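The values are calculated or read from the model by the stated rules, or taken from the named source; none is laboratory data. What you see is a predicted model; the values in this text were computed from it and never measured. Every residue, glycine among them, receives a Cβ derived from its backbone with ideal geometry; neighbour counts consider all protein chains shown.
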Amino acid sequence: MKTIRLLVGMLTIVFSATMAMADITIGVNLSTTGPAASLGIPEKNALSFAPKTIAGQNVKFVVYDDASDTTNAVQNVKRLVSENQVDLILGPSTTPTSLAVIDVAAGAKTPMLAVASASAIVKPMDAKRKWIFKVTANDDIYATAMVDHMVKKGVKTVAVIAVDDPYGEANTKEYMTLAQKHGIKTLMVEKFKRTDTSATAQVLKIMGKKPDAVFIAAIGTPSAMPHLALVERGYKGKIYQSGAAANSEFLKVGGKAVEGAFMPASPVLVAEQLPKGYPTRDEALKFAKAYEGKFGPRSTFASHIWDAFRVLEVAIPKALKAGKPGTPQFREALRTAIENTKGIKGAGAVFNLSATDHSGVNQLGMSVIKIENGKWALEDHTKF
């Protein structure tokens, strides 16, 4: 009997130790191939900076590529929640893929921290989006910075050319709402597919209207195509790109043709040019040094992953007080902890989330940058 009690006691100790050391499993779904690869590749690179432990718990990652495809994204996330039983989903990279997986993540009651930008990922708040967060600014934050800059530059008329998907639609909508309030007339909205090889027809229509500026709303390197076409045909007005074009691959593809273009983007790209004391400057410089020392030119999209870890390093210790990793209690507690994150200074923004704001990024997380000599130059920033 004494031997049995001793064995039971030993088993209890082993079981308790195993439970205490349960891994935190983070499922990652990114677009590392396909049209959005210029976003997904640097995002995956940034996983190398992930903490190996948080609050004494090992952190394990399960990583999938959705090839920039919504069907693949849904299949991947289904696997993450059913087979891998992850505690949190990090990603997806794009607006279409993020919107496509909301039902899956919410149905599994697994918090998701997206790195795409569209407001529709987290708005309007409902029972499903209760589980969805993102570390990027909402569309209105981008649009506010851009339209304010247009006003300063005396822009009166604009033509829009947008990718024909939820990202293009969302950015066009937010821009038009603000433009109308500021008396800027939108002459036309042209659309193109991410897989198109030419935007000649759309550009010719735009040239005929002679707008003061053209706004191109597209993701990654495909956004260079209409830009190149405008320059080739002699357009002399201002060209604005959306924040999803802000990566080094866009600069390579666009070359000299994108010189002088403006875009609203995270101030992480121009961290050295920010005034001392700017709330995100120190963390942005820390990120830039780490990323550029290992992978080359910094990436806004990589910084989103970096910032996701900053949020999780604060939220996970709180969640561990309510449950063990791998349990519904832990996932619910993690969701609650993320929702109550306040004052976290990331590389790209200061995060203040709430039950009604699952992005938590204000105008301090946005700047207007200009392309000069093939590099990013700070054009405008939010006063602090």
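The condition of being at pLDDT below 95 and more than 14 Å from E372 (Cα to Cα) does not hold for E232. I'd like the full set of residues that are crowded, with 24+ Cβ neighbours inside 10 Å and either among the small types (G, A, S) or over 11 Å from the mean Cα position of the chain (by Cα) (or both), limited to segment 111-120. Hits for segment 111-120 are P111, M112, A114, A116, S117, A118. Checking each residue in segment 173-198 for being in a helix (DSSP H, G or I) and charged (D, E, K, R) picks out K173, E174, K181. Taking into account only those residues within segment 158-203 that are under 17 Å from Y142 (Cα atoms) and β-branched (V, I, T), which is surrounded by the fewest Cβ atoms within 10 Å (Cβ to Cβ)? Taking the candidates together, the pick is T177.
Being under 24 Å from L30 (Cα atoms) and in contact with an Asp or Glu (Cβ under 6 Å, 6 or more places away or on another chain) is a description that does not apply to P264. The single condition among (1) more than 22 Å from H304 (Cα to Cα); (2) part of a loop (DSSP other than H, G, I, E, B); (3) not basic (K, R) that Q75 does not satisfy is (2). Criterion first (touching a Phe, Trp or Tyr at 6+ places or on another chain (Cβ under 7 Å) and outside any helix (DSSP H, G or I)) does Y278 satisfy it? Considered against the rule, which asks whether it is touching a Phe, Trp or Tyr at 6+ places or on another chain (Cβ under 7 Å) and outside any helix (DSSP H, G or I), Y278 comes out as yes. The residue of segment 78-99 that is farthest from W131 (Cα to Cα), among those that are in contact with a strand residue (DSSP E or B) (Cβ under 8 Å, 6 or more places away or on another chain) and outside any loop (DSSP other than H, G, I, E, B), is R79. E372 meets each of the listed conditions (1) crowded, with 16+ Cβ neighbours inside 10 Å; (2) more than 20 Å from D23 (Cα to Cα) apart from (1). Total residues in segment 42-62 satisfying the condition of being over 17 Å from V311 (Cβ atoms), without any contact (Cβ under 8 Å) to a residue 12 or more places away in the chain and in a strand (DSSP E or B): the figure is 0.
Taken together, A257, A333, A322 contain a single residue that is crowded, with 18+ Cβ neighbours inside 10 Å and over 23 Å from L47 (Cβ atoms), which is A333. Among the residues of segment 200-218, those identified as in a loop (DSSP other than H, G, I, E, B) and within 18 Å of M263 (Cβ to Cβ) are P211, D212, A218.
Condition check ((1) farther than 21 Å from H149 by Cα; (2) without any contact (Cβ under 8 Å) to a residue 60 or more places away in the chain) across all residues:
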position: D212; (1), (2): no, yes
position: F215; (1), (2): no, no
position: A218; (1), (2): no, yes
position: G234; (1), (2): yes, yes
position: N247; (1), (2): no, no
position: M263; (1), (2): no, no
position: L269; (1), (2): no, no
position: P279; (1), (2): yes, no
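Is it true that Y235 is aromatic (F, W, Y), farther than 17 Å from M366 by Cα and surrounded by fewer than 23 Cβ atoms within 10 Å (Cβ to Cβ)? Before you say what the answer is, go through the steps one by one.
Values: aromatic (F, W, Y): yes; farther than 17 Å from M366 by Cα: yes; surrounded by fewer than 23 Cβ atoms within 10 Å (Cβ to Cβ): yes.
Yes: the conditions hold for Y235.
Taking segment 151-172 as the range and being of a type outside the set (A, V, I, L, M), assigned to a helix (DSSP H, G or I) and touching a residue at least 12 places away in the same chain (Cβ under 8 Å) as the test, the residues that pass are K152, P166, Y167, G168, N171, T172.
Being touching a residue at least 24 places away in the same chain (Cβ under 8 Å), under 24 Å from E313 (Cβ atoms) and of a type in the set (G, A, S): is that true of A377 here?
Details: touching a residue at least 24 places away in the same chain (Cβ under 8 Å): yes; under 24 Å from E313 (Cβ atoms): no; of a type in the set (G, A, S): yes.
Here the answer is no, as A377 does not meet what is asked.
Looking across segment 223-254, the residues that are assigned to a helix (DSSP H, G or I) and touching a Phe, Trp or Tyr at 6+ places or on another chain (Cβ under 8 Å) come down to S223, A224, M225, P226, G243, A244.
Can you name every residue in segment 53-70 that is charged (D, E, K, R) and in contact with an Asp or Glu (Cβ under 9 Å, 6 or more places away or on another chain)? Spell out how you get there, then give the answer.
Let us first name the residues in segment 53-70 that are charged (D, E, K, R), namely 60, 65-66, 69.
Passing the criteria: only K60.
The combined condition, being farther than 16 Å from A159 by Cβ and in the same structural domain as L251 (by TED's automatic domain parsing), is not fulfilled by K185.
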